[in-house]
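Asker: Structure incoming, see below.
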Amino acid sequence: MDPIFKQLQKITLNNAERVSVRNTLLAFIQKNPVRTEPPVRHLYQESILSALFNNKSMTAKLIASLLVAASAGSGVSYAAEGSLPGDLLYPVKIHVNETARAAITFSAESKAGWDVRRAERRLEEAEELAAEGRLNAETRRSIEGNLKTYTDSVRRGIVELKLDNNAKAGAEVSSQLEASLRAHERILTELGDEKETVRIDVGPILLKVRSEAKDATRARVEAEDNFSIKASTNDVEAAARGKLQAAENKISEVTAFIASKKESSDAAATADAEARLKVAENVIIEGKARLDAEDYGEAFAAFQKAHRTAEEAKLLVNARSNFKIKFNLKEHENASSTSDENDDDNTKVEIKSKGNMKLKIGI
Amino acid sequence: MKEQKKFIEAYDTYADAIFRHCFIRISNREKAKDIMQDTFTRTWEYIAKGNEIKNIRAFLFRVANNIIVDTYRKKREVSLDELREWGFDPGFDESEKNQTAIDARSAIAMMEKLDAKYREVMLLRYVDEFLPKEIAKIVGESENIVSVRIHRGLAQLRKIIAPQQ
């Protein structure tokens, strides 16, 4: 009798079958994460009050509300959000709003992410000032100083994440920073192209941003390599599949965003954004091929690149529509200087503008 | 992330057992694999809704059984002979010796000669190695009835084997 049951117990899956179903399940659980909180749409709540209500810690709420109260009521805090270097309320924006926001981030990952956002805000301020013709030596100094503070902080954060065995978060934060810097580099360039005086004003900042962008690319490549070497194959695979989902979501989000900005955008700017999304989609296809080849580190890097490309498209379309930049038909030689150092071939896309001239975009 | 890790660990631990459970009852390798996969995806959906599972092994078997019952219901009344005609595919691991494959097939054939009620509890007891208390929960009967069925099943099985000896 025993032999009967022993024989039955020998029935098993073979390795190929087991792995195949496992992979299907991995993809499935990435697509359907555990739903304990409502999905977070915006990574960083910029309004202090909304950040207050979303955070669960009582102490954090207390600290933040005291800080806000100290600025003579929440009206000041809100008003300060739109201020620029040189404005009366600018110190409130930096030292009250942003500091309070930093006080209620706890994980190394979200701290680093908030530092990326702070660096971004400095660049947005620079662009706003440049567009208004208010960028001068003094305001420039303020921006450049702060920019360096936050990009340094991001770099330290990434190292900390690496040491904390969270190489994946390190790779993701590096990618965010890179996307941001490269997009803003382009925006500042285009603002300068519109007006000679603006070009002189943004010159020094542009140099700084360009150099930071190069550093960010280098850091991102290093972080991705670090992640794929240090982490287990399963973790890298899971990260790659998660990133694929994130990249696809991002592309949908940006597609909708571009459509919403169509009316307020130059036709060429819209076409440029759509072309970039096409590039992102192609990169996803490449990434999927790597997944199939079980090249999970490369797949993760590809999906990060797709996500980054889509994010850049969004930042560009947003800025171009806000500042009403006429998308420049001249070929930007500067563009190729920030190409991925890791790429063998720069992905180039040609688009035809209204005036029937061809423009090459180096990505 | 912790849930994902635990879930995949559960897969690594129990995928074979669930597959075997399904295959012995369905006798079609592809279908058994599908049901095994379905078992895990449905289990994940339950977890993703925010539910906690205390005994994942029992949970998986319960889900698998439900799917098997539904499968049989869909096929209406299927005789054991019909089941065998459907492409009874031994499909054992190619690396196994032929002798083993034949023995496993005849083992299944012998089990099928048992009354369904006895067969089910005996498989759960001796192949899946559940305790009578757990089997009672799975089949939805009292522990006493489970013990009785195991004993009667063993007796019947001895009679089936005896002619072979």
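Asker: Once you've got the Cα coordinates, tell me which of A:K111/A:K243; A:K162/B:K33; A:K162/B:K2; A:K31/B:K31 are over 32 Å apart. Please report the intermediate quantities before stating the final value.
Answerer: Details: A:K111/A:K243 21 Å; A:K162/B:K33 40 Å; A:K162/B:K2 20 Å; A:K31/B:K31 24 Å.
Listed pairs above 32 Å: A:K162/B:K33.
Asker: Another question about this same structure. Subtracting the Cα-Cα distance from 0.36 nm times the residue separation, let me have the gained length for B:S106 to B:V148 in nm, one decimal.
Answerer: Working: separation 42, 0.36 × 42 = 15.12 nm, distance 2.54 nm.
Contour length minus the Cα-Cα distance gives 12.6 nm.
Asker: Given the stretch A:163-314 reduced to its alpha-carbon atoms as identical point scatterers, what log10 I(q)/I(0) does the Debye formula return at q = 0.09, 0.16 Å⁻¹?
Answerer: -0.33, -0.91
Asker: Based on the Cβ-Cβ distance from A:K278 to A:Q245, what FRET efficiency comes out when R0 is 25 Å, to the nearest 0.05?
Answerer: Between A:K278 and A:Q245 the formula returns 0.80.
Asker: In whole Hz, what ³J(HN,Hα) sequence does the stretch A:82-96 give by Karplus (6.51, -1.76, 1.60; θ = phi - 60°), x for Gly and Pro?
Answerer: Coupling constants for the stretch A:82-96: x, 7, 10, x, x, 6, 4, 8, 4, x, 5, 4, 6, 8, 9 Hz.
Asker: Can you tell me how much longer the chain between A:N165 and A:D215 gets when fully stretched, taken as 0.36 nm per residue apart minus their C-alpha distance, in nm with one decimal? Working shown, then result.
Answerer: Working: separation 50, 0.36 × 50 = 18.00 nm, distance 2.21 nm.
Stretched fully, the A:N165-A:D215 segment lengthens by 15.8 nm.
Asker: Moving on to the next point. What pairs from A:K93/A:K261; A:K250/B:K54; B:K6/B:K117; A:K195/A:K250; A:K10/B:K159 go past 31 Å between their alpha carbons? Display every interim value, and only then the final one.
Answerer: Numbers: A:K93/A:K261 28 Å; A:K250/B:K54 36 Å; B:K6/B:K117 34 Å; A:K195/A:K250 33 Å; A:K10/B:K159 24 Å.
The answer is A:K250/B:K54; B:K6/B:K117; A:K195/A:K250.
Asker: Starting from 0.36 nm per residue, how many nanometres of slack lie between A:S264 and A:D87 once their C-alpha separation is accounted for?
Answerer: Values: separation 177, 0.36 × 177 = 63.72 nm, distance 2.79 nm.
So the chain would gain 60.9 nm between A:S264 and A:D87.
Readers should treat all values here as calculations from the given coordinates under stated rules, not as data from a laboratory. This structure is a prediction, so every number in the text was calculated from the model and none was measured. Every residue, glycine as well, gets a Cβ built from its backbone with ideal geometry; the counts of neighbours run over all protein chains shown.
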